[in-house]
Structures are given as structure tokens and as C-alpha cells.
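Each remark here refers to the structure printed beneath this line.
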Amino acid sequence: MQSWVLVTGGSLRLGREIGLAFARAGWHVLCHYRHSAEAAQALCAQVRALGRMAEPIGGNLEGEAACEQVFAAAQAAVAAHGAATDLRTIVHNASLFEPDHGTDFAEAQALAQLQVNLLAPMYFGKWLHALHASAQTTGAPHPSLVHVLDQKVYNLNPDYFSYTLSKLALERAVGLQAQSLAPVLRVNAVAPGLLYPSGPQSEENYQRAARVNLLREPINPVEVAEACVYLAQARGITGTALRVDNGQHLVPLARDVMFAIDQGLTP
């Protein structure tokens, strides 16, 4: 059986690194994207150059029906490559990350982030469970979900209020979903720290903020991606989150690190 992984938000930045890491580990890759079709095609070309199969999967994740279309397209892409292929893992990397605060958050923006960041991976879990519930492969690792969290869930500050709420709920859902979908699926997560410039962040701010962690050096996105591969292949691990953040979650700040740097924090 040849294993496929679906990486949501898989065409750019961390999603791209996750797809390449799985390809290097021998997996075929479904690269989900919403707007970045050209980047998704480029990622698929890189995966094929590594000797693996790859297909882009377009679509938004704003509601159960939209997520179901993405899942159906992923299944169809796998099936088109023959009966000896199988969708084994979904890495939910896609997220909405919008600035707000507890004093000014708005319903529409908060619900949109909950939909993409929390509900979408719950939908994918129930459908992947249904896909494999009657077709367990003897000797193979259980199919799995890997969710991308954020070190913020272990290191709270009030910035990005609705986003943080959605990721806090997803962190709690890892264990609950693992219980709910066992013994068919395993469910795990990675919690990276700051990996790339964010929103209005300047390059100078990013270079300083990237060193606000215990190791005083930028976090390597490749290591986060490789942690996702590890969890997909680790037979005995479920209900667990790995913090791949150079210890950033152990450096508490009163504000998001970008704003703390603006206010004079010295790494």
C-alpha cells in the first residue's frame, strides 16, 4: 500500500515544508490550497522530482460542505492513482490568523477563525475515520491526523484573541478527538513557535523576535515539518502535542512577541 498525506494550506511556508518532508520520507502528497494555485503546482513538481506522486487540491475550508468537497477531491485524486494507494494522514496546517482583542473582537471574524482552525480538522477526522473504519491494514501504522497548533496555547498573551481561542480549543481537542476516533485513527499535534514574518511585521522586527526563545536562535521550519512526519509514522503515539519551538513557550511575554519587540524587548 502506497501512503498519501493531505496537507491543508500546503503550498506555502510551513505547509510547503511539510509536503516536502513527507515526500522525502516516501509519502505521496496532496497539496491543498485556497488561492495559491501556482505555488501548489510548483510544490507538486518538487515532490514529483523526489520520485513521489503529488496532486494539488483547491478549495476553501469555510463550512462543512466546503471541507467535504476538499476531502472528496482528495479521495478522488488518490483513487485515480489506483487501488494500491491509500489516504493515510491529514496534516491540518491551514489557519486564519487575524488581529483582535478581547475588547473589540467581532462575531464574524471569530467564527471564521473557529471554522478554519478548529472545526475543519474535526470534520476531516470523522471522514478519515469513516474511510478506514472497516479497512484496517494489518501491520501498518494507524491512519492519523496531525494538527498544527501554536506555542501561544502554552504561553498566553491577550493579542490575537479569537485566533488564540481557536487554537486553545484545538489543543484540547487533540486528546478528545484521539479518544473519539480510537482505535481506528491516531490524533496528534505539533506546536511551533515563530517561523516566518507575520502580517505587518518588518524584517528587522522578525529577525529579533525569532530569537526570543530559550535557544536564542530562529526555529527551523524543516524541523517542525519532520516532527509532523514522525507523528504520522509513530505507531504508539496518540493524543500528544510536540512543542517544536526552541523553548519559546517557556519565555512568557505580556504581548505577542512582535509587539513586545516594538515596545523595546531585547532578545
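The values are calculated or read from the model by the stated rules, or taken from the named source; none is laboratory data. Please read these numbers as outputs of a predicted model, since none were measured by experiment. FYI the Cβ positions are ideal-geometry reconstructions off the backbone, even for glycines, and counts take in every protein chain you see.
At least 1 residues that are modelled with pLDDT under 95 and over 20 Å from Val224 (Cβ atoms) in each: list the strands (runs of 3 or more DSSP E) lying fully within the stretch 1-119 that qualify.
By residue number, 2-8, 85-92.
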Criterion: of a type in the set (Phe, Trp, Tyr) and in contact (Cβ under 8 Å) with a residue 40 or more places away in the chain - qualifying residue of Tyr154, Tyr230 = Tyr154
Residue identified as under 18 Å from the mean Cα position of the chain (by Cα) and more than 23 Å from Ala234 (Cβ to Cβ) among Gly15, Gly51, Gly58, Gly19 | Gly58
For residues that are part of a loop (DSSP other than H, G, I, E, B) and surrounded by 15 or more Cβ atoms within 10 Å (Cβ to Cβ), scanning just the stretch 248-266, find the one that is modelled with the highest pLDDT.
-> Val251
By residue number, the members of the stretch 61-88 that are under 28 Å from Ala234 (Cα atoms) and polar (S, T, N, Q) are Gln75, Thr85
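Would you mention how many residues in the stretch 96-117 are surrounded by fewer than 21 Cβ atoms within 10 Å (Cβ to Cβ) and closer than 30 Å to Ser3 by Cα? Walk me through how you get there before you give the answer.
Taking the stretch 96-117 and keeping what is surrounded by fewer than 21 Cβ atoms within 10 Å (Cβ to Cβ), we get 96-112, 114-115.
If we keep only those that are closer than 30 Å to Ser3 by Cα too, we end up with 96, 114-115.
Final tally of qualifying residues: 3.
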What is the number of the single condition among (1) crowded, with 22+ Cβ neighbours inside 10 Å; (2) within 19 Å of Phe124 (Cβ to Cβ); (3) among the charged types (D, E, K, R) that Glu17 does not meet?
-> (2)
Enumeration of residues in the stretch 198-222 that are surrounded by 16 or more Cβ atoms within 10 Å (Cβ to Cβ) and within 21 Å of Gly10 (Cβ to Cβ) = Ser198, Ile219, Pro221
